Amino acid sequence: MQASAFAPASVGNIGVGFDILGHSIAGPGDRVSVRRIEHRDVRIAAIRNAAIELPFEAEKNTAGAALIALRDALVLDYGFEIEIDKGIAFGSGMGGSAASCVAALVAANALLDKPLDAHALYPFALVGEAVASGGRHGDNVGPMLLGGMVLATAERLTPIPVPSAWHCVVVHPEFVLETRRARAALTGHYALPEFVAQSANLAQFLAGCFLGDNSLISAGLKDVLVEPRRAALIPGFAAVKQAALDHHAFGASISGAGPSVFAWFESAATAHAASVDMQAAFATVELHSEAFVSPVAGPAAEVLA
């Protein structure tokens, strides 16, 4: 028995929702094929299109660790063999490690005698994510599992509605920023007024999503905690963000741990126009980039025919 699944890239944090908010994006993603085997082993048989050497030891690989957790929790008397085809660049801030993990789970789930729903796969996805990032946070795996925008807390996933017309641009420069290095930049002192301001922004942002009110999104999509501490790690960040705002973006910030930059717009046409100038801004610091335009309500991971 064998199944293949595709998991899309994602925008983690969405600026004001550090480690708890994310949304998927259409276009890039990882494909994973899983074969059910007689022995209870979980094996990585192949990893293709990876720019760096990724671990073949299952317990050290996001996909492998997730399927080990699935196997043990369900007390399965069989195991899995995994082949991974990477489609998201390493250290891009687009959820590459999470996508391999989620695609593996969705494929393996299709091979179960009694498949689970997407919410039930979440704890196993957190195990896989922790292998890469060092923390059990669901801002990438959550939206990949459910699609669209998701509030991902320690124990549950909550879909957050957004208007179908709203679009996102994600511009990824050819520059690697490892998640652990980006998280290290967040150590240090934080003042109480910063937390108050961030809480107010998050509240406005979530209210804007539920109400479909872009003025609330514009007021709230301002990260005062994480972005100021990570911006210096991304060459040209300020100019790229300003290029998005010049096209009337609701807001713009760092996608995940970076270096990709995302922005939200009222329409696909505006998003496409902004993407050109955002890429031009990265070019001024001699960074080639690629841009992805997607509905904010992006797709979920799915089994491939």
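Cα to Cα, under 21 Å, and not fewer than 8 places away if on the same chain: which lysines meet these conditions relative to Lys60?
By straight Cα distance, Lys60 reaches Lys86.
Please compute one quarter of the surface area of the Cα convex hull for the range 162-295 and express it in square nanometres.
7.7 nm²
Provide the per-residue ³J(HN,Hα) series for the range 47-62, in order, calculated from phi with Karplus coefficients 6.51, -1.76, 1.60 and θ = phi - 60°, each as a whole number of Hz, with x at glycine and proline positions.
Along the range 47-62, the couplings run 9, 10, 6, 9, 6, 10, 6, 9, x, 8, 5, 4, 5, 9, 10, 4 Hz.
Can you spot the lysines whose alpha carbon is less than 24 Å from Lys241's alpha carbon? Ignore those fewer than 8 places along the same chain.
Here the lysines satisfying the reach criterion relative to Lys241 are Lys222.
For Gln242 and Ala184, compute 0.36 nm times the residue count separating them, minus their Cα-Cα distance, and round to one decimal in nm.
Residue separation times 0.36 nm, minus the Cα-Cα distance, leaves 18.3 nm.
Short version: what are the Cα gyration tensor semi-axes of the chain, square root of 5 times each eigenvalue, largest first, in whole Å?
Rounded to whole Å, the semi-axes are 32, 19, 18.
Over the chain, what is the percentage of antiparallel beta bridges among all DSSP beta bridges, to the nearest 5?
Counting DSSP beta bridges with both partners in the chain, the antiparallel share is about 90 percent.
When only C-alpha pairs under 8 Å and at least 6 residues apart count, what is the relative contact order of the range 1-101, in percent?
35 percent
Within 10 Å of each candidate Cβ there may be at most 16 other Cβ atoms; applying that plus a DSSP loop requirement, which GluC sites (Glu not before Pro) in the range 167-209 survive?
Here the GluC sites (Glu not before Pro) that fit, given the DSSP loop and packing criteria, are Glu174, Glu178.
In whole Hz, with x marking every Gly and Pro, tabulate ³J(HN,Hα) for the range 188-205 from phi via Karplus 6.51 cos²θ - 1.76 cosθ + 1.60, θ = phi - 60°.
Each residue of the range 188-205 in turn: x, 7, 10, 8, 4, x, 5, 5, 5, 5, 5, 5, 5, 5, 4, 4, 5, 4 Hz.
Could you list the GluC sites (Glu not before Pro) in the range 38-99 that lie in coil according to DSSP, counting only those with at most 14 other Cβ atoms within 10 Å of their Cβ?
Here the GluC sites (Glu not before Pro) that fit, given the DSSP loop and packing criteria, are Glu38, Glu53, Glu57.
If you scale each eigenvalue of the Cα gyration tensor by 5 and take the root, what three semi-axes come out for the range 167-208, rounded to whole angstrom and sorted largest first?
After scaling each eigenvalue by five and taking roots: 25, 21, 6 Å.
Only Cα pairs within less than 10 Å get springs; with that Gaussian network setup on the chain, which residue of Val106, Val276, Val32 has the largest fluctuation?
It is Val276.
Might you report the magnitude of the Cβ-based charge dipole of the range 162-295 about its Cα centre, with Lys and Arg at +1 and Asp and Glu at -1, to the nearest 20 debye?
I would put it at about 420 debye.
Given the options Ala108, Ala120, Ala191, which has the most mean-square fluctuation in a GNM of the chain, springs set between C-alpha atoms less than 10 angstrom apart?
Sorting by GNM fluctuation, first place goes to Ala191.
Every read-out reported here was derived from the displayed coordinates using simple, explicitly stated rules and does not represent laboratory data. Bear in mind that the values here come from a model prediction, so they are computed numbers and not experimental data. Reconstructed Cβ throughout: ideal geometry from the backbone, glycine too, with neighbour counts over all protein chains shown.
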